[in-house]
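Reading through the structure tokens given below for one structure.
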């Protein structure tokens, strides 16, 4: 997910809601010294469908800016069944802004619907408003608290991980030390709940891939990992930079990556990426986790997501 303008919109909006016959995803939720996930090896089972490409359909209080009234509405509880029926993919990645509620009753119903569809949640991308590197400790503590809330949501719906956005702070440059101090506390909480925390090269200002890697290496915690996005860095850099960024990120990736072949920047400019090279880098780094089909185009998303599925299956079967 990107672009910078979208991120600035999210950060200036109200905060997000506070928070089978398939291979085993993770152990029972309990305090653990390190994650121990079991991943499938069959190519299609390694794919996931995120809710982000379907933002125009999702009915939720925090999705009003992206909801397209011309499209039929859908509650996130019904997303898993749609993904299974339309794409024959049983892994989903629901965005935090797409939850109608984080009340326990809603989360129980959501989880029941996912299980009924024969699906599972593999990650929750959570867009946080407060910054982990804000110069004001109280605001950093709020970011930590927000991260913990989404870890609790992950426990409730059976997700093995969350992706936490590193939000910007007014007139404050990204700071490795402060970000690491904040995220160490979140990672420690994740370990208590057996929920991984992932960081994505999403916003090219606050989440530069090499900044993300510096933070992960400074924290040095088994529950803090990278979420490499194939194309986000192409918005501000070239393919050579992207190759280096993907290599650095995949060295720290564990269970989730965002696969896309293009990205839409400001004024509708489309940026493309060498998909085969990204898969090559993932394989070279021994990555065994999932690839989530994060199609970024505007309008009807089904064809775009299906195209990414076909590209992924071709590369994973090679």
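Quick notes
- Annotation note: Cβ proximity below 6 Å between a residue of the range 46-68 that is in a helix (DSSP H, G or I) and a residue that is surrounded by fewer than 20 Cβ atoms within 10 Å (Cβ to Cβ) and at pLDDT 95 or above (sequence gap 6+ or interchain) occurs for 46/40.
- Residue within the range 50-60 that is over 24 Å from residue 260 (Cα atoms) and at pLDDT 95 or above present: yes
- The residue list 105, 135, 100 contains one member that is assigned to a loop (DSSP other than H, G, I, E, B) and under 30 Å from residue 85 (Cβ atoms), which is 100.
- A single member of 298, 282, 318 is buried (at least 20 other Cβ atoms within 10 Å of the Cβ) and either within 18 Å of the chain's Cα centre (by Cα) or at pLDDT below 95 (or both), and it is 282.
- Hey, residue 41 out of contact with any strand residue (DSSP E or B) (no Cβ under 7 Å at 6 or more places or on another chain), modelled with pLDDT of 95 or more, surrounded by fewer than 18 Cβ atoms within 10 Å (Cβ to Cβ) and not in a helix (DSSP H, G or I) or not: yes
- For the range 128-141, the count of residues that are within 30 Å of residue 42 (Cα to Cα) and either buried (at least 19 other Cβ atoms within 10 Å of the Cβ) or under 16 Å from the mean Cα position of the chain (by Cα) (or both) is zero.
- Selected residue (criterion: farthest from residue 94 (Cα to Cα)) from residues of the range 158-184 that are under 20 Å from the mean Cα position of the chain (by Cα) and surrounded by fewer than 20 Cβ atoms within 10 Å (Cβ to Cβ): 184
- Among the residues of the range 80-97, the ones that are within 17 Å of residue 158 (Cβ to Cβ), assigned to a helix (DSSP H, G or I) and touching a strand residue (DSSP E or B) at 6+ places or on another chain (Cβ under 6 Å) come to 3 in all.
- Residue within the range 12-22 that is assigned to a loop (DSSP other than H, G, I, E, B), surrounded by fewer than 18 Cβ atoms within 10 Å (Cβ to Cβ) and at pLDDT 95 or above present: no
- Residue count, the range 241-268 (criterion: farther than 24 Å from residue 41 by Cβ and touching a strand residue (DSSP E or B) at 6+ places or on another chain (Cβ under 9 Å)): 5
- Here the range 50-76 is the region considered, the condition is being buried (at least 20 other Cβ atoms within 10 Å of the Cβ) and closer than 18 Å to residue 112 by Cα, and the residue that is nearest to the chain's Cα centre (by Cα) is 51.
- Filter result (assigned to a helix (DSSP H, G or I) and out of contact with any strand residue (DSSP E or B) (no Cβ under 7 Å at 6 or more places or on another chain)) within the range 108-129: 108, 109, 110, 111, 112, 113, 115, 116
The values are calculated or read from the model by the stated rules, or taken from the named source; none is laboratory data. Being a predicted model, the structure only gives us computed values, none of them experimental. All Cβ positions, glycine included, derive from the backbone under ideal geometry; neighbour counts span all protein chains shown.
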